[in-house]
Amino acid sequence: MTTVRVRLTLIYSGLFLLTSVVLLVIVNMLLRQALHARIESFRGVGVGEAPPAPAALLPRSAVKPLPPLSELAREVIHYQWDVSALAIGVLTLVSVVVGWVIAGRILRPVHRITATAQRLSLSTLHERIALGGPRDELKELADTFDAMLDRLERSVEGQRRFIANASHELRTPLAVQRTAIEIGLPEDVGEIREKLLFHNHRIEGLIDALLVLSQAEHGLQRRAPVAFHEVVRLVLAETDADEVSVTARIEPLLVYGDPVLLDRLVTNLVGNAVRYNHPGGAVEVTLAGGVLTVRNTGPEVPAERFGDLFAPFRRLHTTRGQGAGLGLSIVASIATAHGAAVTARPNPGGGLEVVVTFPADP
């Protein structure tokens, strides 16, 4: 695939070569006509032969007649064509080098715009191109890009403020409601009380999941080195898996990101593996070579529903009523925010294997 710089260089060199060839052809043709015209004007004058030299001055063997003027004209024209071809070849090479340099200078602002766009993320929206120089098309493009970044930054900041406000406004009444249920309802209405508390906790979990999902999809505000292997060990230590056996093989791994979101990623993966299992089942957690693998036994995943695993609010019929359907969606969003890739595949006999591959170069 040829780049714009190569195409511009070829265009510059091609135009130069074309104009040079046309110019030299015209000059040589005019020179040929001029020579033939001069020769015709001298015909019959006797200048086509060399004057005889005095015998006393030159030996007979040294006296050579001059060639006819027409032959001299042909030699001059041939020499002119040879010199012209050599000049065109040298100048073509020079034009390629000069065209390459000029194309690079012209495209330098474009490279700057591209580099800035590649560096940008939701955590670096404050950066701008700020291209200087004359007011031309490239500067207008850079200024338009900067204006778009201004609007995008304001939009993202507004959404972040909305998330923070929603987090406070939604959790407060639920906490008050939970307290009123726990304190205000007598013990003799235990079934109703437990049902209300169950739905209260479920709504709180749904709100927390939505807020985490929204935060992950809006990128990371800060990145810090996180001992990811310690996060995995802590989550496994806090996981309630009485009816399921959990085995782990963990190697050290340093990940640059948000420790809270990384903890939620592991919690969701391990929690799903334990929750969507069967009594006496197994969960295997492996962290090696920058790859986190969580494998579990459990019900088989229907092939036609496998594409819904990472979609929000999509629950398989085997897990109906067990959560809001946001667990793996949150995992995928958190992984994307950290530059990681998530894949899943069914295990033979039932269950899933979810693999999170972190980038080698953070």
Discussion item. Quick check: pseudo-label points 7 Å beyond the Cα along Cα→Cβ at residue 343 and residue 37, how many nm apart are they?
Written reply: 7.9 nm
Discussion item. From zero outward in steps of 5 Å, how is the percent of C-alpha pairs of the stretch 75-176 spread across the bins?
Written reply: 2, 10, 12, 11, 9, 8, 8, 7, 6, 6, 5, 4, 3, 2, 2, 1, 1, 1, 1, 1, 0, 0
Worksheet item: So how far apart, in nm, are the two label points at residue 355 and residue 141 if each is 7 Å from Cα heading toward Cβ?
Response: 4.0 nm
Worksheet item: What are the residues whose amide H is under 5 Å from the amide H of residue 250, where those residues sit 5 or more places off or on another chain and H is modelled from the backbone?
Response: 287
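I'd like the FRET efficiency for residue 112 and residue 154, computed as 1/(1 + (r/R0)^6) with the beta carbon distance as r and R0 of 30 Å, rounded to 0.05.
After rounding to 0.05, the efficiency reads 0.80.
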Response to the item:
FRET efficiency for residue 230 and residue 197 from the Cβ-Cβ distance with R0 = 30 Å, rounded to 0.05, comes out at 0.35
Practice prompt. Report the label-to-label distance for residue 76 and residue 180 in nanometres (one decimal), using points 7 Å from each Cα along the Cα→Cβ vector.
Written response: 11.2 nm
Worksheet entry | Potential lengthening between residue 223 and residue 97 on full extension [0.36 nm per residue; Cα-Cα distance subtracted] | 40.9 nm
Worksheet item: Amide H to amide H, which residues 5 or more places from residue 351 or on other chains are under 5 Å from it, using H placed in the peptide plane?
Response: 298, 300, 301
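Any read-out appearing in this document is the output of simple, stated calculations on the displayed coordinates, not a laboratory observation. Please read these numbers as outputs of a predicted model, since none were measured by experiment. Methodologically, a virtual Cβ is constructed for each residue, glycine included, from the backbone with ideal geometry; neighbour enumeration extends over all protein chains shown.
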